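Novice: Take this structure, written in structure tokens, and hold onto it; I'll ask about it next.
The values are calculated or read from the model by the stated rules, or taken from the named source; none is laboratory data. From a predicted model like this one, the values you see are computed outputs, not experimental measurements. Neighbour counts are summed over all protein chains in view; Cβ atoms, including those assigned to glycine, are modelled from backbone coordinates with ideal geometry.
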Amino acid sequence: MSEQTSEKEQVINENADNLSATINEEALAASINTDDSVNGMQHLDDEIGEESELEKLQVELDETKDKYMRLVAEFDNFRKRNAKERIELIQTAGKDVIQSLLDVLDDSERAQKQMETSEDLIQIKEGINLVFNKLQATLQHKGLKKMEAKNHAFDADLHEAITEIPAPNEDMVGKVIDEVQPGYYLNDKLIRFAKVVVGK
């Protein structure tokens, strides 16, 4: 009788163990859920999602590196091109002015030849005046403007005083009495001070 009871208890225990194992498997299966909207569940695609996110970040990093390298190359090309253009500009800065003065140079050479053969002083003077007027007109066209200094108040920002002499009258004290060398503007910017004599 005791042996039968022992066998029954053993069968019951085995069935209980099997039932417990089955319940554990079902519980584990129930805890795995593919629905991302359910919080606190273990998702089947968690590992796949992490790998996908990593791949996405790697692609973005590669694209950013590519854009950066392109920008660096473009900037380097721009810098080289800009340096080349600046050198060319410096080398040819006076080209336009020189070209405009070539006509005046041609006229000067013709006037010089005429002076060697002609004895008519009036004609020679007229030729020289024509060349001089053409030179002035060419330079004025390029933006050169002569400064008016004589009889104006002395201005250290515009004038360079060579000497001071007694003023002929009270009105000329502190003013420019004579101009030794004229000053010039280029496009309204001072490029040479006027050398003057000031009354005291």
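Novice: With the checklist (1) within 44 Å of the chain's Cα centre (by Cα); (2) surrounded by 13 or more Cβ atoms within 10 Å (Cβ to Cβ); (3) not in a helix (DSSP H, G or I) in hand, flag the one item A156 doesn't pass.
Specialist: Condition not satisfied by A156: (2).
Novice: Looking only at residues that are in contact with a helix residue (DSSP H, G or I) (Cβ under 9 Å, 6 or more places away or on another chain), in contact (Cβ under 8 Å) with a residue 24 or more places away in the chain and not charged (D, E, K, R) in region 109-146, which one is surrounded by the most Cβ atoms within 10 Å (Cβ to Cβ)?
Specialist: V131
Novice: Taking only region 178-197 into account, find how many residues are more than 14 Å from D157 (Cβ to Cβ) and assigned to a strand (DSSP E or B).
Specialist: Looking only at that region, the number is 8.
Novice: Hey, among the residues in region 58-113 that are among the hydroxyl-bearing types (S, T, Y) and either at pLDDT 90 or above or not in a loop (DSSP other than H, G, I, E, B) (or both), which one's farthest from the chain's Cα centre (by Cα)?
Specialist: S108
Novice: Kindly indicate which of I122, I128 is more than 30 Å from G94 (Cβ to Cβ) and part of a helix (DSSP H, G or I).
Specialist: Unique residue meeting the criteria: I122.
Novice: Another question, if that's okay. Does A156 satisfy the criteria of being out of contact with any Phe, Trp or Tyr (no Cβ under 8 Å at 6 or more places or on another chain) and either at pLDDT 90 or above or within 21 Å of E179 (Cβ to Cβ) (or both)?
Specialist: yes
Novice: Now, a different point. Give me the residue from region 175-189 that is in contact with a Gly (Cβ under 7 Å, 6 or more places away or on another chain) and surrounded by 12 or more Cβ atoms within 10 Å (Cβ to Cβ) and, out of that set, nearest to L144 (Cα to Cα).
Specialist: Within region 175-189, the match that is nearest to L144 (Cα to Cα) is L186.
Novice: So, one more: For region 67-108, give me each residue that is of a type in the set (A, V, I, L, M) and touching a residue at least 12 places away in the same chain (Cβ under 8 Å).
Specialist: Once the filter is applied, which keeps residues that are of a type in the set (A, V, I, L, M) and touching a residue at least 12 places away in the same chain (Cβ under 8 Å), region 67-108 yields V97, L101, V104.
Novice: Would you pick out the residues in region 146-192 that are under 22 Å from L135 (Cα atoms) and out of contact with any strand residue (DSSP E or B) (no Cβ under 7 Å at 6 or more places or on another chain)?
Specialist: Within region 146-192, E148, N187, D188, K189, L190 qualify.
Novice: Is it the case, given these coordinates, that A149 is in a loop (DSSP other than H, G, I, E, B), touching a residue at least 12 places away in the same chain (Cβ under 8 Å) and under 29 Å from V198 (Cβ atoms)?
Specialist: yes
Novice: Does K134 qualify as being among the basic types (K, R), at pLDDT 90 or above and in a helix (DSSP H, G or I)?
Specialist: Yes.
Per-residue answers, yes or no, for (1) among the basic types (K, R); (2) touching a strand residue (DSSP E or B) at 6+ places or on another chain (Cβ under 9 Å); (3) under 30 Å from D188 (Cβ atoms):
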| site | (1), (2), (3) |
| --- | --- |
| T92 | no, no, yes |
| I98 | no, no, yes |
| D103 | no, no, yes |
| D107 | no, no, yes |
| R110 | yes, no, no |
| L121 | no, no, no |
| L135 | no, no, yes |
| K142 | yes, yes, yes |
